[in-house]
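S.K.: Here it is, the structure in full.
The values are calculated or read from the model by the stated rules, or taken from the named source; none is laboratory data. Predicted, not measured: the structure shown is a model, and the values here were computed from it. No Cβ is skipped: glycine too gets one built from the backbone with ideal geometry, and neighbour counts run over all protein chains shown. For accessibility, only protein heavy atoms count, side chains too; no ligands or nucleic acids. Shrake-Rupley method; radii C 1.70, N 1.55, O 1.52, S 1.80 Å.
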Amino acid sequence: MLKKVIFKLGQKLRNPSLNNWFSFLKKSESWTLKELENYQLLKLKELVSVAYNNSKFYRNLFEENGLSPSDINSLADLKKIPIISKEDLITKNKDIQVTLKATKFFKASTSGTTGQALNFLKDEFSDSFNRASMFRGYSWYKVNPWDKNGYFWGYNFSSKEKLKTRGLDVLQNRFRIFNFNDKQLKLFSNKLHDSVYVHGYSSAIYETAKKINRQHFNKPLNLKMVKGTSEKIYERYQDEIKKAFGQKMISEYGAAETGIIAFECPSGNMHINMEGVIVEEINEEIIITNLQMQSFPVIRYRLGDYVKLAPENKECACGLKHLIIEEVTGRIGAIVYGEKLTYPSLYFYYIFKNLAKQGVFLNYQIVQNIKGKLNFFIEQDLSMEHKKLLENEIERYFKKDLKIKINTNFEFKTREGKHKSFISNIL
Ligand SMILES: [Zn+2]
């Protein structure tokens, strides 16, 4: 009860419009497909008009293609607008940003292709909409966002950051794992014992499940939901997860710049969050229009994932009419294989983030062809000193369990689709 009050107070301060969005989404949950599409068209017209009138980037894009907002009169008309990429969002950042409406903004940041970050300002409405979408998904599992939960995210903080994060976690009745060693994992799984949900990187949840099973740690008893994000959930994860957590891992699919794209229902289908995004599948690639973020319009955006959409007439036992994504095939959340142990590929993110903190910014790609060996491809030239820093960071995470080869001055070819930071060729 107290946890709920604390959570609600924090939410009211940070996200004043969230409650309204949540009520809206619980109503639209029972809409027909036609009703959902009508709403999408309404929001699309609004978005296009805001973008055209306030964002230099979109104004140019429209004019170069002889378009004006009055040309968008149906969902099919969306195809008239050219597709944009993450490169556009990063390099034309300032020309895209809209700061017209006086509202509250949050800084959002996400990593780009081979490491460059995408930064933008997210207005309060879209941030609240996104959270409400997530909480609607939770409601399908009878989970309240303020219920006790374990979070597999960011276990790489300085003590000061840890303290701040800890404070935010307390407000959300959340605890997280900071370190991926056995002692920490044991503590973490003890806390999971009476938790209601766990969430975070799917590969990290999988690795934890494996340890819980192998080392006979305490198993959680009250879990209602195990939610994987940010990485592909491999079918082969599910056996270990079921064994450790008593249920399969469900998927929340989205990105900072797109908002939540889909959320898996209890009948096992990933329903598109149609009130928030328009999803197109073009040559098996997903193209997203974020309908709710007017402060940083994202229209016909190539996210870089491969997907397969279900046929429009596919029905789901849960009753939702929201269209279904059959499978996200593109994102790779692979495991790194050492000589003796396995590691989450998330470690690469931390290795290069730690280097960036020391002023060394690298574009990278890591390839694993053989267990126990890793190939690092770095775009930049590396001084002896910087190479040493990189080697030290790698050793911090993988100890001596992996032989590494660092290739510098590597030229990344521009290619279709996402430039993956880690490619595993181990099956
Ligand atoms: Zn369903």
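S.K.: So Ser295 fits all but one of (1) open to solvent by less than 10 Å² (accessible area, probe 1.4 Å); (2) part of a loop (DSSP other than H, G, I, E, B); (3) out of contact with any Ser or Thr (no Cβ under 6 Å at 6 or more places or on another chain); (4) within 16 Å of the ligand (Cβ to nearest atom); what number is the exception?
M.R.: With respect to (1) open to solvent by less than 10 Å² (accessible area, probe 1.4 Å); (2) part of a loop (DSSP other than H, G, I, E, B); (3) out of contact with any Ser or Thr (no Cβ under 6 Å at 6 or more places or on another chain); (4) within 16 Å of the ligand (Cβ to nearest atom), Ser295 is out only on (4).
S.K.: Which one is farthest from Phe175 (Cα to Cα) among residues in the stretch 200-219 that are in contact with a Phe, Trp or Tyr (Cβ under 6 Å, 6 or more places away or on another chain) and at pLDDT 85 or above?
M.R.: In this case the residue turns out to be Ile205.
S.K.: Residue under question is Glu315, and the condition is that it be free of Cβ contacts under 8 Å to residues at least 24 places away in the same chain and out of contact with any Ser or Thr (no Cβ under 9 Å at 6 or more places or on another chain); does it hold?
M.R.: For Glu315, the condition - free of Cβ contacts under 8 Å to residues at least 24 places away in the same chain and out of contact with any Ser or Thr (no Cβ under 9 Å at 6 or more places or on another chain) - is met.
S.K.: Also, quick follow-up: In the stretch 220-237, which residue that is more than 19 Å from Asn144 (Cβ to Cβ) and surrounded by 16 or more Cβ atoms within 10 Å (Cβ to Cβ) is modelled with the highest pLDDT?
M.R.: Gly228
S.K.: Looking at this structure, is Asn19 assigned to a helix (DSSP H, G or I) and more than 27 Å from the chain's Cα centre (by Cα)?
M.R.: In short, no.
S.K.: Return the residues of the stretch 166-183 that are surrounded by 14 or more Cβ atoms within 10 Å (Cβ to Cβ) and either within 26 Å of Ala209 (Cβ to Cβ) or at pLDDT below 70 (or both); say none if nothing qualifies.
M.R.: Hits for the stretch 166-183 are Arg166, Asp169, Gln172, Asn173, Arg174, Phe175, Arg176, Ile177, Phe178, Phe180.
S.K.: A further question on this structure: Can you pull out the residues in the stretch 1-50 that are aliphatic (A, V, I, L, M) and surrounded by 16 or more Cβ atoms within 10 Å (Cβ to Cβ)?
M.R.: Leu18, Leu25, Leu36, Leu41, Leu44, Leu47, Val48, Val50
S.K.: Go through the stretch 248-282 and give me each residue that's within 16 Å of the ligand (Cβ to nearest atom) and not in a strand (DSSP E or B).
M.R.: Lys248, Cys265, Pro266, Ser267, Gly268, Asn269, Asn273, Met274, Glu275
S.K.: Right, something else. Restrict the check to the stretch 311-326 and report whether at least one residue is closer than 30 Å to Val98 by Cα, in the same structural domain as Lys26 (by TED's automatic domain parsing) and either away from the ligand (no atom under 16 Å from the Cβ) or open to solvent by less than 10 Å² (accessible area, probe 1.4 Å) (or both).
M.R.: Among the residues of the stretch 311-326, at least one is closer than 30 Å to Val98 by Cα, in the same structural domain as Lys26 (by TED's automatic domain parsing) and either away from the ligand (no atom under 16 Å from the Cβ) or open to solvent by less than 10 Å² (accessible area, probe 1.4 Å) (or both), which makes the answer yes.
S.K.: Going through Glu312, Glu339 one at a time, which residue ends up being in contact with a helix residue (DSSP H, G or I) (Cβ under 9 Å, 6 or more places away or on another chain), more than 24 Å from Phe125 (Cβ to Cβ) and at pLDDT 90 or above?
M.R.: Sole residue among the options that is in contact with a helix residue (DSSP H, G or I) (Cβ under 9 Å, 6 or more places away or on another chain), more than 24 Å from Phe125 (Cβ to Cβ) and at pLDDT 90 or above: Glu312.
S.K.: Can you name the helices (runs of 4 or more DSSP H) wholly within the stretch 57-165 that have at least 1 residues being within 25 Å of Met249 (Cα to Cα), open to solvent by 20 Å² or more (accessible area, probe 1.4 Å) and at pLDDT 90 or above?
M.R.: 124-139
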